[in-house]
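Notes for the one structure printed next.
The values are calculated or read from the model by the stated rules, or taken from the named source; none is laboratory data. Note that the structure is a prediction, hence the values are computed from the model and not measured. Here the Cβ positions follow ideal geometry from the backbone for every residue, glycine too, while neighbour counts run over all protein chains shown.
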Amino acid sequence: MPNRATVRTTARTALRSDSAHATQVVDTPVSHSPGPGGKPLARRAARVPVHALGTALDDGRGREWLDGASGRLCSPAGQSHPAIAAAVAQQLGQMAVLPAGLEPHSEAHAHRLASRLAALAADALCAGAALDPDEPPCSIGVRLCAQPDDAWRMAIGAALAWHDESGRHGNTGRNIVLTDGLPDAALRFALHGVAHRADRLLGFARVPQPRLVEDKFVKGQPADGARLAEAFRQTVSLLGADRIAAVVIEPLGTRHGVFVPPHGYLEAVREVCAETGIVLIFDERHCAFGRSGAAFAAQRFGVAPDLLVLGDVLTNGALPMGAVLAADGFAEALNRLGADTLLESTPTSSGPLSAPSSAALPAASSAPTPAAVAAAHALLDLCEREALFARAAEHAPRFLHDVFALADLPVVSDIRGYGLLAGLAIDGMHAGARAPITAAALQRRLFDAGLIVQTAGDMLLLAPALTASRAALDEMGARLRAVLSACDRD
């Protein structure tokens with residue numbers, strides 16, 4: 001293990017630049033109180049962060065950490081941003097819960113939020129059609145939900161509703177959803193939570209992750225996605241395109257490790273879905289709002305889905321919330337579901353999107369709280385005022401350079417990265433290792449060294465806030481190297 005004092009010494013300046021809570025770094029006692037069966041409880045129970053600001057966290061007693069995971073990949077503006085906290089506090093002081101019987105779409109702030117999201121997503125969903133005078137204008141529907149999972153289920157429901165239109169691609173037998181690997185619990189739960197025709201949904205099938213063995217240590221998008229695109233086509237053919245209702249994938253994978261789509265892969269998926277009448281849904285609950293260097297990964301990669309799902313990233317992780325965004329006919333499908341907050345906006349010559357033209361009947365019990373809406377507005381204001389998406393694109397090259405410099409360490413078997421997102425695959429049995437090591441064990445060591453990261457299987461995920469200072473990013477890389485280098489000496 002590296003000497004903790006040595007690992008932290010150079011970080012104090014970085015922490016002070018990111019947090020008013022930064023204090024002198026000292027070691028604190030570790031609790032080994034017995035738990036059930038006489039086994040010790042979590043050994044970090046005495047060192048839990050209680051303050052957070054930006055990328056810096058502390059326990060109020062001198063111990064500090066750098067947040068290398070943006071909360072849970074849902075805080076692009078960093079922890080406890082003052083502007084967002086103030087907006088939430090102000091709204092809670094005015095009204096915390098919508099009164100019974102009040103239609104959510106009549107609440108002005110929620111309606112305006114949907115309009116702002118529609119404008120932000122115009123490039124991601126309309127694929128330039130609105131700029132072509134020979135094409136009809138692109139309308140965008142937005143549904144706001146109380147929970148991220150509500151949005152995911154509503155997207156599936158909208159896909160099934162769209163297929164219910166008579167004469168569309170022989171839709172009656174479409175009862176399978178292809179995904180890129182949702183957890184089994186989420187799959188089972190979704191079967192009971194789809195709002196439209198859940199009885200006809202047979203189940204889910206998994207799409208292979210877009211990654212080839214020879215693409216190890218490739219920074220950004222791998223060059224050739226043709227083989228993976230062909231594998232996707234074969235999966236669709238094997239299951240039967242006429243039985244698949246929707247394909248739900250992360251355009252920039254985070255759930256099961258970092259997966260960066262190779263050039264041409266997403267384009268091929270889009271093409272197959274368009275040819276066969278399959279609804280393409282992008283799950284951007286973790287990769288939206290600047291992680292890729294653009295507002296949406298769909299926009300960054302230039303591939304327009306039919307539906308786009310957002311989660312707690314909408315509120316910077318402050319409060320639960322979800323949203324479904326849909327273009328053209330899919331917005332009408334959302335409308336048929338009876339959306340909580342649904343509007344349609346149409347590009348005009350005077351601006352990218354006009355004022356809302358229609359709203360659907362609400363379901364108030366699943367509408368987002370006023371405080372969540374206030375947090376979302378504050379985050380959008382911050383993204384505009386501080387140009388956070390452009391800042392992420394600016395910092396990404398150096399961030400990726402520093403992370404990929406760790407490729408010389410034996411314990412690292414692969415590195416993947418795009419924008420301000422990187423994943424390090426851990427080889428726990430690499431040559432020269434004195435004892436096996438797992439990503440979870442390294443996550444605990446990094447915590448001891450003052451760096452918080454996320455894990456997914458055998459991979460460490462690094463996803464710093466878009467607001468992180470250059471000094472903080474440099475220190476994250478230094479702590480990673482110190483801990484990972486020590487694996488061969490243990």
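Structural remarks
- Residue that is surrounded by the most Cβ atoms within 10 Å (Cβ to Cβ), among those in segment 423-459 that are in contact with a helix residue (DSSP H, G or I) (Cβ under 8 Å, 6 or more places away or on another chain), β-branched (Val, Ile, Thr) and without any contact (Cβ under 8 Å) to a residue 60 or more places away in the chain: ILE426
- Just one of the listed residues (ARG211, ARG291, ARG255, ARG206) is basic (Lys, Arg) and modelled with pLDDT of 95 or more, namely ARG291.
- Condition check for ALA100 on (1) in contact with a strand residue (DSSP E or B) (Cβ under 8 Å, 6 or more places away or on another chain); (2) in the same structural domain as ASP312 (by TED's automatic domain parsing); (3) at pLDDT 65 or above; (4) of a type outside the set (Asp, Glu): one failure, at (1).
- Count - residues of segment 400-422 that are surrounded by fewer than 21 Cβ atoms within 10 Å (Cβ to Cβ) and among the basic types (Lys, Arg): 0
- Index of the failed condition, ASP67 passing every other in (1) surrounded by fewer than 13 Cβ atoms within 10 Å (Cβ to Cβ); (2) at pLDDT 95 or above: (1)
- Just one residue in the set LEU228, LEU201, LEU266 is in the same structural domain as GLY329 (by TED's automatic domain parsing), of a type outside the set (Lys, Arg), out of contact with any Asp or Glu (no Cβ under 7 Å at 6 or more places or on another chain) and at pLDDT below 90; that residue is LEU201.
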